[in-house]
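Please find one structure pasted underneath; my questions will follow.
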Amino acid sequence: MAIESANSPPADDSDIKRMSFEEALSALEKIVSDLEHGDVALDVSIRIYERGEKLKNHCERLLSSAEDKVEKIKLSRSGKPIGTEPLDPA
């Protein structure tokens, strides 16, 4: 018996852009679980797989943005903070 969620997301996935990392990751985990159980109709499986790809990309963008904001604190010879620099200079 195939199942379909009563709380279906918008067809255009417009809600993804407003999700926090944690919300997107949770939605992605739910999709993986549903697909692993195999009790989802083929057309629904395809749809949620595509949504999962969008969620994964959104999570990657959020992580990349967070990494760009992380900085390393520079210390003087005496160990006192004197500023910041990129964590991983290019």
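Go through 13-22, 39-48, 67-76, 52-61 and give me the packing order, highest mean Cβ count within 10 Å leading. Display every interim value, and only then the final one.
Values: 13-22: 12.6, 39-48: 14.4, 67-76: 10.3, 52-61: 16.3.
Going by the mean number of other Cβ atoms within 10 Å, highest first, we get 52-61, 39-48, 13-22, 67-76.
What is the angle, in °, between the Cα long axis of helix 21-37 and the longest principal axis of the Cα atoms in the chain? Nearest 10 is fine, range 0 to 90.
Here the helix axis deviates by roughly 40 degrees.
Of Val32, Leu55, Val70, whose Cα points farthest to the positive end of the dipole of the stretch 23-71 (charges on the beta-carbon: +1 Lys, Arg; -1 Asp, Glu; origin at the Cα centre)?
Leu55
Name the residues whose placed amide hydrogens come within less than 5 Å of the amide hydrogen of Asp13, ignoring near sequence neighbours (fewer than 5 apart) on the same chain.
none
Now for a separate question. Given Cβ point charges of +1 (Lys, Arg) and -1 (Asp, Glu) and nothing else, what value in debye, to the nearest 20, does the dipole of the chain about its Cα centre take?
Numbers: 13 positive and 19 negative charges, 158 e Å.
Here the chain has a charge dipole of around 760 debye.
Another one. Could you work out how far helix 42-69 tilts from the main Cα principal axis of the chain, as a 0 to 90 degree angle to the nearest 10?
Helix 42-69 and the main axis of the chain meet at about 10 degrees.
Hey, what did the chain get for relative contact order, percent, Cα under 8 Å, at least 6 apart? Before the final figure, lay out each step's value.
On the way: 65 pairs, mean separation 23.4, N = 90.
In percent, rounded to a whole number, it is 26.
Further question on the same structure: Can you list residues from other chains, or at least 5 along the same chain, whose modelled amide H is less than 5 Å from the amide H of Val40?
For Val40, whose amide H was placed from the backbone, the distant partners under 5 Å are Ile3.
Readers should treat all values here as calculations from the given coordinates under stated rules, not as data from a laboratory. Source: prediction; values computed, not measured. Methodologically, a virtual Cβ is constructed for each residue, glycine included, from the backbone with ideal geometry; neighbour enumeration extends over all protein chains shown.
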